Amino acid sequence: PKADFERFLETVESFVRCFRKAIPSFGHSCDAVRVPFEANYLSGYFYRVDDQRETCPTLIIVGGGDTFAEDLHFWAGAAGPRRGYNVLSLELLGYGMSPTRELYLRANTEAPLGAAVDYVLDRVEVDAECLAAYGISGGGYAVTRATAAEKRFRATVADAPIHDIYWLITEAVPAFLLDESHSGVSRWLLEVSGRFNKAGRNNMDKFAWQTGKRSLLDALQV
């Protein structure tokens, strides 16, 4: 519903504002950045080891479908610079607020991660020979697939290493609901189940929003 979405936007704006107010307390440099991607951009933060801009190993970290770039501070943004790593935290297509810019979930996650590599290698603080990727949850699929195509990564951590995202999702959905010949009944069943399980319905609506589709069924049939 429109009211729920407006409340969601207000909540996101509030925690992003609070996070950015807290940046001076981190103890190391952290800048909000926009990574150029196609005719758009990916949101994130770049954490530097120090302000001298010395060349250092660098980690690109991406999260899952429920993750915002701000969350990734607690996974690597805070710890990376203390261990001698620059860190780029990034919201991939469909994640964070990217759907509001018509950047929706899609299979070729190597494309946005390739753009992220281009971005960090243009920075003087980054050692091109020491570049790593770290993916959490759905980000595990992103970095697993991207590493197969992106040869500039020297190391990859996938938590978990998902190699087939379609199989993972459809394993949790009865095959009957994916049969296009039963699409009318499938939509009715999904609608009814959502009325009795608000949390489940919210997740279905969110996934549809992330993929730019009208419903979960439409998203799975792409």
- [ ] Calculate one ³J(HN,Hα) per residue across region 28-44 by plugging θ = phi - 60° into the Karplus curve 6.51 cos²θ - 1.76 cosθ + 1.60, and present them in order as whole Hz with x for glycine and proline.
- [x] 8, 5, 8, 10, 5, 10, 10, 8, x, 8, 6, 9, 9, 8, 10, 7, x
TODO: With the full set of protein chains in place, find how many percent of the accessible area of region 1-114 is carbon and sulfur; take the probe as 1.4 Å.
DONE: 51
- [ ] Compute the FRET efficiency between ARG53 and GLU13 as 1/(1 + (r/R0)^6), taking r as their Cβ-Cβ distance and R0 = 22 Å, and round to the nearest 0.05.
- [x] 0.10
TODO: At 1.4 Å probe size, with every protein chain present, just tell me what the per residue accessible area of region 32-172 comes to in Å².
DONE: 45
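The values are calculated or read from the model by the stated rules, or taken from the named source; none is laboratory data. Source: prediction; values computed, not measured. Every residue, glycine among them, receives a Cβ derived from its backbone with ideal geometry; neighbour counts consider all protein chains shown. Note: areas computed on protein heavy atoms with side chains; ligands, DNA, RNA excluded. Shrake-Rupley method; radii C 1.70, N 1.55, O 1.52, S 1.80 Å.
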